[in-house]
Amino acid sequence: MKPLIGTKKGAKIVGMGADGTPTAYIDKIAENIVLEYLRENEANVIVISEEAGFVKITREAEDIIYLDPIDGTFNALANIPIYALSVAYASKGTISKAFISNLATGEIFTAEKGKGAMIDRKSLNTSTVTNLHEASCALYTSQTEGGVKKVAPLFASIRRNRHFGASALELAYVAAGKLDAYVDIRKTLRITDAAAGILLCTEAGGIVSSPDGDVLSFPDTIQSGASIIASNGYLHDKIVSLIPQNIEEK
């Protein structure tokens, strides 16, 4: 896959993904590598991926892998070293294991439900920042007047906004304390993008919710997404209070 980074060949559109967006050649190759590995090892799982959609590796499979073979495709094609492989394992409806790797740097984040989160095999925890004016956050909103208004109070309250274009990694960075929060109110974040990062955040001591502070849920289809707040925990209620719920984004 690495020879395709930053190339026109990698950027060539080769079809439409199951998520309803164009599939670049580099995405397809990355996905094929993961699926081939699972098939060769007869993994007893169902894979849900943005490109291939629903793939049953073995006939009796019930457990699920949520796969994003390249989170941050634009970055990979522009040779910006922030793009990742994101894998989450779920059994009986519960996500229990997570793996995220920055494919450009080799940095690896892992988590197991009830057993904490790690970065390169070292335990990690969210930050201890308690004041928004000291916080570094990743804020995403729709490019509409309503979307800008909805995030404006929060944007004005934080110290830094860092926007990397790779949601799985940004969630991992919240877990590692590199970011204090990740806020995405576009309603486009798919479970394949977020599943691994959510487990990482919660196992590292953070909190993940919908923008109104309720339990986060995703649509049943990968053609649709959700909005999310992931924080170090200390800032969560403050962030929720600054996102108005009565403003339409369109």
* Structure fact -> Karplus ³J(HN,Hα) for the range 4-21 (6.51 cos²θ - 1.76 cosθ + 1.60, θ = phi - 60°; Hz, whole; x = Gly/Pro) runs 8, 4, x, 10, 5, 4, x, 7, 4, 7, 10, x, 10, x, 5, 7, x, 10
* Structure fact -> Too long for a 22 Å Cα-Cα cut-off, among K2/K113; K92/K113; K97/K122, are K2/K113
* Taking amide H positions as placed in the peptide plane 1.01 Å from N, state which residues far from L189 in sequence (5 or more) or on other chains have amide H under 5 Å from it. => A226
* Among T58, V14, I191, whose Cα sits farthest toward the positive end of the charge dipole of the chain (+1 at Cβ of Lys/Arg, -1 at Cβ of Asp/Glu, about the Cα centre)? -> V14
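Nothing charged except the Cβ atoms of Lys and Arg (+1) and of Asp and Glu (-1): what's the magnitude of the dipole of the chain about its Cα centre? Round to the nearest 20 debye.
It comes to approximately 540 debye.
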* Asked: Once Lys and Arg get +1 and Asp and Glu get -1 on their Cβ, which of L169, L200, G213 lies farthest toward the positive end of the dipole of the chain?
  -> L169
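Every number in this text was worked out from the coordinates using simple rules, so none of it is lab data. As the structure is a prediction and not an experimental result, all values here were calculated from the model. Reconstructed Cβ throughout: ideal geometry from the backbone, glycine too, with neighbour counts over all protein chains shown.
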